[in-house]
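Student: Below you'll find the structure I mean.
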Amino acid sequence: MSDLSFSIGPLRFPNPVVLASGTAGYGYELEPYIDLDLLGGFITKGIYPAPRAGNPSPRVYETPSGMLNAIGLQGIGMVRFRDEVLPFWERYKPPLGINVAGECPEDYARVVEYLDSHPRIDFYEINLSCPNVQTGGRSPSWFPEETKRILSTLRPLTKRPLIAKLSPHARSVEEIAFAAQEAGADGVSLINTFIGLAVDLKSRRPMLHNLFGGVSGPAVKPMALAMVYKVFQRVSLPILGMGGIVSGRDLLEFIVAGASGVQIGTATIVDPQAPLRILREASELLPSLGCDSLGELRGSLKPYR
């Protein structure tokens, strides 16, 4: 059988299919539909220090080849997460990542310090795409110095891998990835959603109460692939690629562009069993490409000269 594993720092992932933050809740929501032990990894909904109600409805809208959402990082906060969700994950084996969110660097630090003693946590995905009150509501991952500031604050607090989740709206996502590498990140995940707007022509109102939302799904795949390739050329960190992956072929295209593994998001909302189907398709397709492992395929894109 083909070797589908990959590593980020000392942490080994058994296969490249990791469920993306937010799109599969805390994990127990998917338990009736798929065998969680077959996943390569799982990343939780964003965890802030305190609970958050999220944005008012409507906050999800279907778009051509994707969806638009403005959930507003609704969540139960770090205390309930530790008490209620982490015991559930003690029954399962896949690497568990905590998506850490915050409105300021101190928020991120509070979450990591509070959770880090729990043995079931395997890594942290630092959501640098959150609006930050100290940058006037702008995302820290738009700026190299803010990216460095947050990751440098977190690096001494944990020995677990830190994965920086980056926004596609930075002037140069590869420069932000390089800043993350300099600050001690063990990997990067990209891309988060693109900013979008949908309009109800009859009422002249936006389809989302929040006005703008994040665009995801197959429509964003070409842009996501381009950013993965650019970052692969710039840094030596492992990359978790995401953006519109709905088939095994999509998954392997991200590996060719330079990703070590991928995150499945919108496809899971459409079909909770999609992640395991995507994994099966990729596994069946890999030998036909003359490869026995994902490592042989990784970063093998051959631009025309």
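Student: Looking at (1) in a strand (DSSP E or B); (2) buried (at least 17 other Cβ atoms within 10 Å of the Cβ); (3) within 17 Å of the chain's Cα centre (by Cα), which one does Gly196 not meet, given that it meets all the others?
Tutor: (3)
Student: Condition first: free of Cβ contacts under 8 Å to residues at least 60 places away in the same chain, surrounded by fewer than 16 Cβ atoms within 10 Å (Cβ to Cβ) and polar (S, T, N, Q). Can you find one or more residues in the stretch 159-168 that meet it?
Tutor: No; the residues of the stretch 159-168 include none that is free of Cβ contacts under 8 Å to residues at least 60 places away in the same chain, surrounded by fewer than 16 Cβ atoms within 10 Å (Cβ to Cβ) and polar (S, T, N, Q).
Student: Across the stretch 136-166, what is the number of residues that are outside any helix (DSSP H, G or I) and either modelled with pLDDT under 95 or not small (Gly, Ala, Ser) (or both)?
Tutor: Of the residues in that region, 13 qualify.
Student: Moving to a separate point now. Answer yes or no as to whether Pro105 is more than 18 Å from the chain's Cα centre (by Cα), within 26 Å of Pro140 (Cβ to Cβ) and modelled with pLDDT under 95.
Tutor: yes
Student: Filter the stretch 6-58 down to the residues that are more than 18 Å from the chain's Cα centre (by Cα) and among the small types (Gly, Ala, Ser), then identify the one that is nearest to Val85 (Cα to Cα).
Tutor: Ala50
Student: Out of all the residues in the stretch 220-247, which are without any contact (Cβ under 8 Å) to a residue 24 or more places away in the chain and touching a Lys or Arg at 6+ places or on another chain (Cβ under 6 Å)?
Tutor: If the condition is that a residue be without any contact (Cβ under 8 Å) to a residue 24 or more places away in the chain and touching a Lys or Arg at 6+ places or on another chain (Cβ under 6 Å), then no residue fits.
Student: Are any residues in the stretch 93-129 touching a residue at least 60 places away in the same chain (Cβ under 8 Å), of a type in the set (A, V, I, L, M, F, W, C) and in contact with a Leu (Cβ under 7 Å, 6 or more places away or on another chain), and if so, which ones?
Tutor: Hit for the stretch 93-129 is Phe123, nothing else.
Student: List the pairs whose first member sits in the stretch 20-45 and is free of Cβ contacts under 8 Å to residues at least 40 places away in the same chain, whose second member is small (Gly, Ala, Ser) and crowded, with 20+ Cβ neighbours inside 10 Å, and whose Cβ atoms are under 9 Å apart, counting only residues at least 6 apart or on separate chains?
Tutor: Qualifying pairs under 9 Å: none.
Student: Tell me which of these Pro56 doesn't satisfy, since it passes every other one: (1) free of Cβ contacts under 8 Å to residues at least 60 places away in the same chain; (2) in a loop (DSSP other than H, G, I, E, B); (3) surrounded by fewer than 16 Cβ atoms within 10 Å (Cβ to Cβ).
Tutor: (1)
Student: Of all helices (runs of 4 or more DSSP H) completely enclosed by the stretch 254-305, which ones contain at least 2 residues that are within 17 Å of the chain's Cα centre (by Cα)? Lay out the reasoning, then the answer.
Tutor: On the way: elements: 266-270, 274-285, 294-297.
Where helices (runs of 4 or more DSSP H) fall fully within the stretch 254-305 and carry at least 2 residues being within 17 Å of the chain's Cα centre (by Cα), they are 266-270, 274-285.
The values are calculated or read from the model by the stated rules, or taken from the named source; none is laboratory data. Because the structure is predicted, anything quoted here is derived from the model rather than measured. Here the Cβ is made from the backbone with ideal geometry for all residues, glycine too, and neighbour counts use every protein chain on show.
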